[in-house]
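Participant: Before we start, here is the structure in question, set down as structure tokens.
The values are calculated or read from the model by the stated rules, or taken from the named source; none is laboratory data. Note that the coordinates shown come from a computational prediction; the quantities given were computed from them, not determined experimentally. Heads up, the Cβs are rebuilt from the backbone with ideal geometry, glycines too, and the neighbour counts pull from every protein chain shown.
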């Protein structure tokens, strides 16, 4: 664990710590950066003190840079909370393993990485996801894979551009939901496990469980979510408060 921020490689652009979502959350920190895989050097992880998982040692530069940028953001957010500059390792399920006393989540999409971290006594689990806007033609193909029936009905009432925006948002929120709940329920679940309800307040939504995932997470339970547009990306967050 480092006490100071290391010099970032050329593939990682400047770190940012501004809160990108509409509702600030106490004791949660966010770090983000853009990254350019074409500028990755083979020894960049070594200079950062970061060990790549075996599965990534010979992977394409894009995958290695995604991992590196995501961990850099995670370390930066941990450092903001007093946890020092440390990289959460990848577990056997490929999910990051956060230091004792912290919860967090990270995401990367098309040259952009984001991590959120919190003290565990404030927030039990976090899920963050970034998605690039899905094109209308692809959205039409994906709708039945991602949306439940009431969401399909809303999707079909929109013009193609608005429908694609809605599908991208639902996809991102459901990915954030999975990241937040997977550590708590201990199993995988699909997009059909929840329905997205958009609120009148900008950037706010709720997700209603459509199946029981655990005795603590039964069918019908609702979780709050928030989202924002950042250029070509849609960013979403699910935060589960500690008991």
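Participant: Can residue 77 be described as at pLDDT 95 or above, surrounded by 13 or more Cβ atoms within 10 Å (Cβ to Cβ) and out of contact with any helix residue (DSSP H, G or I) (no Cβ under 9 Å at 6 or more places or on another chain)? Spell out the reasoning first.
Facilitator: Details: at pLDDT 95 or above: yes; surrounded by 13 or more Cβ atoms within 10 Å (Cβ to Cβ): yes; out of contact with any helix residue (DSSP H, G or I) (no Cβ under 9 Å at 6 or more places or on another chain): yes.
It is true that residue 77 is at pLDDT 95 or above, surrounded by 13 or more Cβ atoms within 10 Å (Cβ to Cβ) and out of contact with any helix residue (DSSP H, G or I) (no Cβ under 9 Å at 6 or more places or on another chain).
Participant: Does residue 205 satisfy the criteria of being farther than 24 Å from residue 92 by Cα, surrounded by 15 or more Cβ atoms within 10 Å (Cβ to Cβ) and touching a strand residue (DSSP E or B) at 6+ places or on another chain (Cβ under 8 Å)? Please lay out each step first, then the result.
Facilitator: Values: farther than 24 Å from residue 92 by Cα: yes; surrounded by 15 or more Cβ atoms within 10 Å (Cβ to Cβ): yes; touching a strand residue (DSSP E or B) at 6+ places or on another chain (Cβ under 8 Å): yes.
Yes, satisfied.
Participant: Sticking with this structure for a sec: Looking at 176, 222, which one is touching a residue at least 40 places away in the same chain (Cβ under 8 Å), under 21 Å from residue 103 (Cα atoms) and touching a strand residue (DSSP E or B) at 6+ places or on another chain (Cβ under 8 Å)? I'd like the intermediate steps shown before the answer.
Facilitator: On the way: 222 fails: touching a residue at least 40 places away in the same chain (Cβ under 8 Å).
After applying the criteria, what remains is 176.
Participant: Looking at (1) without any contact (Cβ under 8 Å) to a residue 60 or more places away in the chain; (2) touching a strand residue (DSSP E or B) at 6+ places or on another chain (Cβ under 8 Å), find the lone condition where residue 132 falls short.
Facilitator: (1)
Participant: For segment 100-127, which positions are more than 22 Å from residue 217 (Cβ to Cβ) and surrounded by fewer than 16 Cβ atoms within 10 Å (Cβ to Cβ)?
Facilitator: Result: 100, 101, 110.
Participant: Are any residues in segment 35-50 surrounded by 14 or more Cβ atoms within 10 Å (Cβ to Cβ) and either touching a strand residue (DSSP E or B) at 6+ places or on another chain (Cβ under 6 Å) or in a loop (DSSP other than H, G, I, E, B) (or both), and if so, which ones? Even if it seems obvious, please write down each step before you answer.
Facilitator: Step one: list which residues in segment 35-50 are surrounded by 14 or more Cβ atoms within 10 Å (Cβ to Cβ), which gives 35-37, 39-40, 44-45, 48, 50.
Residues satisfying the conditions are 35, 36, 40, 50.
Participant: I need the strands (runs of 3 or more DSSP E) fully contained in segment 79-185, keeping only those with at least 1 residues that are over 20 Å from residue 31 (Cβ atoms). Step through it out loud before you land on a result.
Facilitator: Details: elements: 102-109, 112-119, 123-132.
It comes to 123-132.
Participant: Would you call residue 11 in contact with a helix residue (DSSP H, G or I) (Cβ under 8 Å, 6 or more places away or on another chain), in contact (Cβ under 8 Å) with a residue 12 or more places away in the chain and in the same structural domain as residue 67 (by TED's automatic domain parsing)?
Facilitator: On the way: in contact with a helix residue (DSSP H, G or I) (Cβ under 8 Å, 6 or more places away or on another chain): yes; in contact (Cβ under 8 Å) with a residue 12 or more places away in the chain: yes; in the same structural domain as residue 67 (by TED's automatic domain parsing): no.
It is false that residue 11 is in contact with a helix residue (DSSP H, G or I) (Cβ under 8 Å, 6 or more places away or on another chain), in contact (Cβ under 8 Å) with a residue 12 or more places away in the chain and in the same structural domain as residue 67 (by TED's automatic domain parsing).
Participant: Does residue 124 meet the test of being closer than 22 Å to residue 194 by Cβ, in contact with a strand residue (DSSP E or B) (Cβ under 9 Å, 6 or more places away or on another chain) and not assigned by TED's automatic domain parsing to the domain that holds residue 203?
Facilitator: Here the answer is yes, as residue 124 does meet what is asked.
Participant: For segment 182-195, how many residues meet the condition of being in contact with a helix residue (DSSP H, G or I) (Cβ under 9 Å, 6 or more places away or on another chain) and under 18 Å from residue 126 (Cβ atoms)?
Facilitator: Final tally of qualifying residues: 2.
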